[in-house]
Every structure is written in structure tokens, then in C-alpha cells.
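S.K.: So that we are looking at the same thing, I have put the structure below in C-alpha cells.
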Amino acid sequence: MQQSNKRVYLFEVDFFRIVFILGVLANHTTTLITHKMASNSIPYEILMATHISLHFTRMGFMFVTGLVLFMNNYFKPISVFKFWKKRYLGVLVPYLSWTAILTATEGHLSLSEFLTQWIHLSVYADDYYMYYILVTMQLYLIFPLIVWMFKRFDSYHNIIILISAIIQLFMLFFH
């Protein structure tokens, strides 16, 4: 009898995805609502208190994204260009399309104004909460290197995590 090497499905990951997605949506919704409220009112203060407590969901969602990416790709041989092609066709084309649609809905723009605003939004993702997609594309860019590093230094994972923590604290301090 042959035993299959089927992966174990982690339902907990789906649960956290749902929690983090709902938290991110709630965070963005409260941001839009608080911009329309008087900042010296009790309802504003209550909504801001809940809004601030929802900020952890962004980092949580990014963590779960990286976790799922690792779970699906760590034990497979990664062809860098196939990985990039699959990921960027699945993310970059919709990203550029949506930024074009969102830019086009901003009003009567000449072609040069449209292109200027579309390029700005595509490069900086500083409107419409598109920054997450840009960060995800940056992760896709370095992901094969990260997997190679973890495989190459298999017995040094604790040192890698420690070095990563030190670099992150260094960046936090100087930012």
C-alpha cells in the first residue's frame, strides 16, 4: 500500500485570513467615516478608539500572506522566472487595470493628466488602499531569494530570525 504525501490543510489559516480581512476592511471603513466627522465629538473619539485597535490586522494579513506563500512553495523546487511570471501576471495586470479605472473615474482629465496620475498611483499606491498590492509585489520579487536562503542555511533558522529582528529594530529606530 502506497502512502500519499498529501499536505495537511490548516483551517486555522483560513480563520485568520477571514479575521484579518474583516479587520482591514473595518479599518479602512472607519478611516473613511472619521474623515467626514467632527473631530471634537464623542462618537468620533469612540470610533477612533476602535479604529486604532484595528491597525494590527494589516500586519497580520501580510504575515498570513507570507505564511501561505511559504507553505505552498517551500518544499517545491522554485523556478524563479516561472514563479514571477505566475505571480506578476496574476497581480500586476489587475493592479494596473484597477489603477487605470480608478484614475479614469476622477473626472475630466486630459490624456497627459490621466497618464501622469495613473503612473503616480501605480508607482506609489498612495490612494485607494492599493499599497498592500505593491508590498505584495515586492515580497514576490525577493521571495525566491528568501526561500533559497532558508533552504541553504537550514540549520541556522534561529540566527536568520535574530538577524532579521535586529535589522527590523534598526530600521524602526531610524525611521
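The values are calculated or read from the model by the stated rules, or taken from the named source; none is laboratory data. Worth saying up front: this structure is predicted, and the values here are computed from it rather than measured. No Cβ is skipped: glycine too gets one built from the backbone with ideal geometry, and neighbour counts run over all protein chains shown. Just the protein is used for accessible areas: all its heavy atoms, side chains included, with ligands, DNA and RNA removed. Shrake-Rupley method; radii C 1.70, N 1.55, O 1.52, S 1.80 Å.
S.K.: Check off (1) under 30 Å from GLU12 (Cβ atoms); (2) more than 16 Å from the chain's Cα centre (by Cα) for LEU115 and give me the number that stays unchecked.
M.R.: Checking LEU115 against (1) under 30 Å from GLU12 (Cβ atoms); (2) more than 16 Å from the chain's Cα centre (by Cα), the one that fails is (1).
S.K.: Restricting the stretch 73-91 to residues that are open to solvent by less than 60 Å² (accessible area, probe 1.4 Å) and either under 17 Å from the mean Cα position of the chain (by Cα) or among the β-branched types (Val, Ile, Thr) (or both), which is nearest to ILE133 (Cα to Cα)? Quick ask: steps written out before the conclusion?
M.R.: From the stretch 73-91, those open to solvent by less than 60 Å² (accessible area, probe 1.4 Å) are 73-74, 78-80, 83, 87-88, 90-91; that's our starting set.
Subset that is either under 17 Å from the mean Cα position of the chain (by Cα) or among the β-branched types (Val, Ile, Thr) (or both): 78, 80, 87-88, 90-91.
Working: ILE78: 22, VAL80: 20, ARG87: 11, TYR88: 11, GLY90: 11, VAL91: 8 Å.
Step by step, filter the stretch 73-91, then rank; the result is VAL91.
S.K.: Could you list, ordered by first residue, the pairs with Cβ atoms under 7 Å in which the first is in the stretch 140-168 and within 13 Å of PRO77 (Cα to Cα) and touching a residue at least 60 places away in the same chain (Cβ under 8 Å) and the second is outside any helix (DSSP H, G or I) and of a type outside the set (D, E, K, R), at least 6 apart or interchain?
M.R.: Going by the 7 Å Cβ cut-off, the qualifying pairs are PRO144/ILE78; VAL147/TYR74; VAL147/ILE78.
S.K.: If you go through the stretch 105-115 one residue at a time, do you hit one that is modelled with pLDDT under 90 and open to solvent by less than 60 Å² (accessible area, probe 1.4 Å)?
M.R.: Just the residues of the stretch 105-115 that are modelled with pLDDT under 90, to begin with: 106-109.
Those still in the list that are open to solvent by less than 60 Å² (accessible area, probe 1.4 Å) too: 107, 109.
Looking through the stretch 105-115, at least one residue is modelled with pLDDT under 90 and open to solvent by less than 60 Å² (accessible area, probe 1.4 Å).
Listed here are the residues, each with its yes/no results for (1) modelled with pLDDT of 90 or more; (2) over 20 Å from the mean Cα position of the chain (by Cα); (3) open to solvent by 80 Å² or more (accessible area, probe 1.4 Å); (4) over 26 Å from PHE143 (Cβ atoms).
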residue	(1), (2), (3), (4)
LYS6	no, yes, yes, no
VAL19	yes, no, no, no
THR34	no, yes, no, yes
MET48	no, yes, no, yes
